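The block underneath contains the structure these notes are about, expressed in structure tokens.
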Amino acid sequence: MTELSFLHRFEPGTVPGRPPVLLLHGTGGDETDLLPLGRAVAPGSALLSPRGKVLEHGMPRFFRRLAEGVFDEADLRHRAGELAGFVAEARAAYGLAAPIALGFSNGANIAAATLLLHPATLAGAVLIRAMVPLAEPPEASLDDKPVLLLSGAVDPIVPQENAVRLAVQLSDAGAAVEHRVLPVGHGLSRADLTLAAQWFRQR
Ligand code: MLT
């Protein structure tokens, strides 16, 4: 595997023209976690899957938190910048177009922050169980970038009101947001897979 600034896995695309996908795992996951999900929902796409650099009791994450749902925003801003740098390196190393992020939980939160702080890094995003990453949303211009936000109606970590606020922040910044609320909790469900696959087929 090419040496880049994040430990990662890369699987080349097999169907020309399919958008590359940046896979961002949840707390305690790693670079192998979401490869099966990526293959299932975006068949033929190149998959780029970094491992979060922050350790919480030995569990990889993409940025520090002070408590569940309470983020260290200075670290989050710094880490979103690092991730944007990694995507630029990987695009040059592997010859990729700007990727669509597919993030779960902590990975969805860094994807949302990266969209808002470094809009040029991503061509769009699927955010599974994301919440508002930054108390003060940065001024971003998301130019109709497509975003699918998949929330759980009974998610004990992400209150509904918070997910709705994120959808509003992203659409206010110009993204083309589709927000679906599923009758599930925080974990990944079959409905996430079905809806993400449908969404990717339209890209
Ligand atoms: C986070 O810390 O990003 C959220 O609380 C989601 C999680 O990782 O559990």
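Residues considered: 41, 54, 87. Of these, the only one that is farther than 15 Å from residue 22 by Cα and β-branched (Val, Ile, Thr) is 54.
Look at residue 105 and say whether it is modelled with pLDDT of 95 or more, within 12 Å of the chain's Cα centre (by Cα) and closer than 15 Å to residue 131 by Cα. Against the criterion (modelled with pLDDT of 95 or more, within 12 Å of the chain's Cα centre (by Cα) and closer than 15 Å to residue 131 by Cα), residue 105 qualifies. Checked against (1) surrounded by 17 or more Cβ atoms within 10 Å (Cβ to Cβ); (2) in a loop (DSSP other than H, G, I, E, B); (3) not aliphatic (A, V, I, L, M), residue 179 meets all criteria but (2). Just name the residue that is farthest from the ligand (Cβ to nearest atom) out of those in the range 144-162 that are closer than 15 Å to residue 189 by Cβ and either within 16 Å of the chain's Cα centre (by Cα) or at pLDDT below 95 (or both). Of everything passing the filter in the range 144-162, 148 is farthest from the ligand (Cβ to nearest atom). Scanning the range 114-134 for residues that are within 14 Å of the ligand (Cβ to nearest atom) and either in contact (Cβ under 8 Å) with a residue 40 or more places away in the chain or touching a His at 6+ places or on another chain (Cβ under 9 Å) (or both) turns up 128, 129, 131, 133, 134.
List every residue pair whose Cβ atoms lie under 7 Å apart, where the two residues are 6 or more positions apart in sequence or sit on different chains, the first residue falls within the range 25-50 and is farther than 16 Å from residue 8 by Cα, and the second residue, located anywhere, is among the β-branched types (Val, Ile, Thr) and modelled with pLDDT of 95 or more. These pairs meet every condition: 42/21; 44/14; 44/15; 45/21.
If the condition is being surrounded by fewer than 19 Cβ atoms within 10 Å (Cβ to Cβ), of a type in the set (Gly, Ala, Ser) and assigned to a helix (DSSP H, G or I), then the range 67-111 contributes 74, 81, 84, 85, 88, 92, 93. Residue 186 meets each of the listed conditions (1) touching a strand residue (DSSP E or B) at 6+ places or on another chain (Cβ under 7 Å); (2) within 16 Å of the ligand (Cβ to nearest atom); (3) outside any loop (DSSP other than H, G, I, E, B) apart from (3). Exactly one residue out of 70, 15, 21 is under 22 Å from residue 177 (Cα atoms) and either at pLDDT 95 or above or out of contact with any Pro (no Cβ under 8 Å at 6 or more places or on another chain) (or both): that is 21.
Restricting attention to the range 133-142, the residues that are modelled with pLDDT of 95 or more and surrounded by fewer than 23 Cβ atoms within 10 Å (Cβ to Cβ) add up to 3. Residues that are within 14 Å of the ligand (Cβ to nearest atom), of a type in the set (Gly, Ala, Ser) and either touching a Ser or Thr at 6+ places or on another chain (Cβ under 6 Å) or in contact (Cβ under 8 Å) with a residue 24 or more places away in the chain (or both): does the range 81-100 have at least one? Among the residues of the range 81-100, not one is within 14 Å of the ligand (Cβ to nearest atom), of a type in the set (Gly, Ala, Ser) and either touching a Ser or Thr at 6+ places or on another chain (Cβ under 6 Å) or in contact (Cβ under 8 Å) with a residue 24 or more places away in the chain (or both), which makes the answer no. Of all residues in the range 145-203, how many are of a type in the set (Ser, Thr, Tyr) and in contact with a helix residue (DSSP H, G or I) (Cβ under 8 Å, 6 or more places away or on another chain)? Looking only at that region, the number is 1. Considering the range 6-66, the qualifying strands (runs of 3 or more DSSP E), each wholly inside and each with 1 or more residues that are surrounded by 22 or more Cβ atoms within 10 Å (Cβ to Cβ) and in contact with an Asp or Glu (Cβ under 9 Å, 6 or more places away or on another chain), run over 21-24, 47-50. When the test is whether a residue is modelled with pLDDT of 95 or more and more than 14 Å from the ligand (Cβ to nearest atom), residue 111 does not pass it.
The values are calculated or read from the model by the stated rules, or taken from the named source; none is laboratory data. Quick caveat: nothing in here was measured; it's all calculated off a predicted structure. Backbone-built Cβ (ideal geometry, glycine too); neighbour counts: all protein chains shown.
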